[in-house]
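The values are calculated or read from the model by the stated rules, or taken from the named source; none is laboratory data. On a predicted model such as this, the values are computed, not experimentally measured, just so you know. FYI the Cβ positions are ideal-geometry reconstructions off the backbone, even for glycines, and counts take in every protein chain you see.
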Amino acid sequence: MTDQSQYGEIARNGLWNNNPALVQLLGLCPLLAVTGTVVNALGLGLATLLVLVGSNLVVSLIRRQVSDAVRIPVFVMIIATFVTCTELLMKAYTYELYQILGIFIPLIVTNCAILGRAEAFASKNGLLPSTLDGVMMGLGFGAVLLVIGGIREILGHGTLFANMSLLFGPVAEGWQLTLFGDGQGLLVAVLPPGAFLVTGLLIALKNVIDGQIARRRAARRAPVARGSKRVRTTGTIS
Amino acid sequence: MVFTRASSPHGHAPLDTRRVMQYVLLATIPGLVALTWNFGWGSLINIVLACLVAVACEAGVMAIRRRPVIFYLRDHSALVTACLLGLALPPLAPWWLVVLATGFAIVVAKHLYGGLGYNPFNPAMVGYVVALISFPVAMTTWITPRDLLPEGVTLPGLIESVRIVFGFAGTGSVLDGITGATPLDAFKHHSGLLVEQIRAREPLFSEAEVASYGWEWVNLGFLAGGVWLLYKRVFTWHAPIAMLSALALMAMLFYDGGSSSSGGPVLMHLLSGATMLGAFFIVTDPVSSATSNRGRLVFGAAIGILIYVIRVWGGYPDAVAFAVLLMNFAAPMIDNYSLPRTYGQKKSRRATEKME
């Protein structure tokens with residue numbers, strides 16, 4: 001396999017084919033808990049991305065020095081280090097968002113998507129592929145968080161990109177789009193059942209798209225043979 | 001045993017889905033009449049609107065799934081869901097509430113799980129709960145019974161009711177004058193009073209014959225419809241009787257002599273809120289409930305207990321929908337442990353046991 005196609009494969013896996021949220025269904029706890037609005041989803045998505053890239057990078061670097069017996073504790077230590085860094089960064093620069101996300105930032109340590117990538121990919125591959133895998137998996141996870149956050153925010157609050165200033169500072173004050181008046185939102189979308197519903201619908205949508213792609217590809221690959229085919233239905237086949 | 005002789009033909013047509021659903025629709029009439037008498041035209045408008053939406057959704061989903069539309073519409077199951085939802089939603093609820101609840105019930109709760117016969121949850125109750133947790137204010141705005149309205153205020157007529165439902169009647173000014181607490185609500189928000197004091201203070205209880213004014217007739221109406229369905233053998237007695245007995249037993253145990261921390265009188269629990277509608281029209285749902293008779297006893301009794309627990313110690317005044325949905329979750333497990341003995345087998349099997 002050439003390097004180019006390998007990197008393409010890693011990107012496709014992370015973003016679509018093996019998406020951590022929609023296919024592996026890993027890290028569902030933060031996915032379901034904090035995707036009430038776009039800004040929460042983006043905040044958690046970025047934090048997860050940062051941790052994932054860092055942990056994949058370091059795990060890949062030390063993969064030959066760590067024995068199999070102690071690898072899991074070592075991976076968890078590395079992940080916890082990056083989570084602590086992220087937490088301190090968020091406390092320093094986006095304190096209000098940090099307070100909203102609360103326990104779910106420290107809980108990134110237990111996000112199985114991150115440990116899963118360290119175990120399944122970074123501990124077996126070189127520095128560059130591992131880092132790229134972290135970026136792509138993180139982006140795939142973040143993108144799903146964003147879409148779910150957007151849908152739930154529109155349905156539940158009737159707004160989009162509200163309070164983006166929590167993440168981007170005063171520049172983002174005017175980014176909020178109001179689609180319909182407040183107090184009329186479908187509250188169930190913001191509540192936990194809404195998270196399950198929206199995630200389920202997104203997975204269904206992905207399956208539909210995948211099915212159509214597969215069907216189109218099959219149709220292109222195998223042109224239907226013309227003419228009649230006779231099938232023997234009696235006697236023995238010699 | 002006496003064999004009655006009847007002339008031929010002796011064959012009985014089995015109850016098919018269509019006939020069962022028609023019986024259920026017919027059986028809601030006494031309750032609907034009582035609702036309409038006490039609370040005005042609202043419930044009727046709810047039902048008509050819900051039926052239209054349900055049939056449209058059902059037809060739409062069937063067309064998308066490439067199934068014969070007319071064939072599936074003829075089993076009337078969508079109409080039953082719509083009708084039960086229309087009865088459960090508060091009268092004079094805004095039209096979008098009815099549309100949303102019905103659409104959710106049919107499309108998400110019924111068809112996304114595979115359609116009639118595959119839905120793990122009762123569609124009408126899913127629609128009700130989604131509406132209840134999404135729009136708590138609109139869903140807890142109930143009408144005061146006709147005869148308890150203040151002097152000079154009357155329930156709106158049919159035309160006026162339609163205008164209110166579709167929002168042409170100004171902003172809630174008419175509604176504000178005629179809405180009030182339901183009996184369960186009224187009871188819940190009088191903590192610190194003895195049961196006798198609440199009874200004396202609240203006209204909903206003091207004007208009532210046995211339990212709570214207006215609501216007792218609605219519940220008796222549903223009870224009558226349910227007994228008729230039982231007579232028609234649409235369902236067995238196990239689930240509803242188990243539910244009502246468990247609820248009554250809980251209410252008796254925690255009545256507490258009518259003290260200020262009492263859970264409320266037994267008759268109030270049996271004849272207020274959605275008790276009878278739930279017992280005979282929701283708990284008996286053949287799809288989402290337990291399937292064996294023993295299983296139905298457990299299923300119904302657990303619902304009865306849950307209703308009491310949520311009503312008395314929970315945040316919501318009524319709890320039929322929540323209790324039913326919770327037990328819908330548990331129905332497969334109940335089935336697993338209560339599989340009836342197969343004829344010719346020595347002891348009953350568990351559903352998950354390996355076949356030899």
TODO: Name the residue, out of B:L223, B:L277, B:L271, that is buried (at least 21 other Cβ atoms within 10 Å of the Cβ) and in contact with an Asp or Glu (Cβ under 8 Å, 6 or more places away or on another chain).
DONE: B:L271
Task: Unmet criterion (only one of (1) aliphatic (A, V, I, L, M); (2) modelled with pLDDT under 95; (3) not in a loop (DSSP other than H, G, I, E, B)) for B:L15 - done: (3)
TODO: Give the residue, chosen from B:A290, B:A330, that is of a type in the set (A, V, I, L, M) and touching a residue at least 40 places away in the same chain (Cβ under 8 Å).
DONE: B:A290
TODO: Please work out which residue is modelled with the highest pLDDT, limiting yourself to the stretch A:157-194 and to residues that are out of contact with any strand residue (DSSP E or B) (no Cβ under 7 Å at 6 or more places or on another chain), over 17 Å from A:L145 (Cβ atoms) and away from chain B (no Cβ under 14 Å).
DONE: A:S165
TODO: Could you tell me which residue of the stretch B:313-327 is surrounded by the fewest Cβ atoms within 10 Å (Cβ to Cβ), considering only residues that are touching a helix residue (DSSP H, G or I) at 6+ places or on another chain (Cβ under 8 Å) and in a helix (DSSP H, G or I)?
DONE: B:L326
- [ ] State whether the residues of the stretch A:107-122 include one that is under 30 Å from A:R71 (Cβ atoms), in contact (Cβ under 8 Å) with a residue 60 or more places away in the chain and not in a helix (DSSP H, G or I).
- [x] yes
Task: Test result for A:I108, modelled with pLDDT of 85 or more, buried (at least 18 other Cβ atoms within 10 Å of the Cβ) and away from chain B (no Cβ under 14 Å) - done: yes
Task: From A:G140, A:G54, residue being closer than 17 Å to A:A21 by Cβ, small (G, A, S) and crowded, with 20+ Cβ neighbours inside 10 Å - done: A:G140
- [ ] Would you check if there is a residue in the stretch A:28-43 being within 16 Å of A:R117 (Cβ to Cβ) and either in contact with a Lys or Arg (Cβ under 8 Å, 6 or more places away or on another chain) or not in a helix (DSSP H, G or I) (or both)?
- [x] no
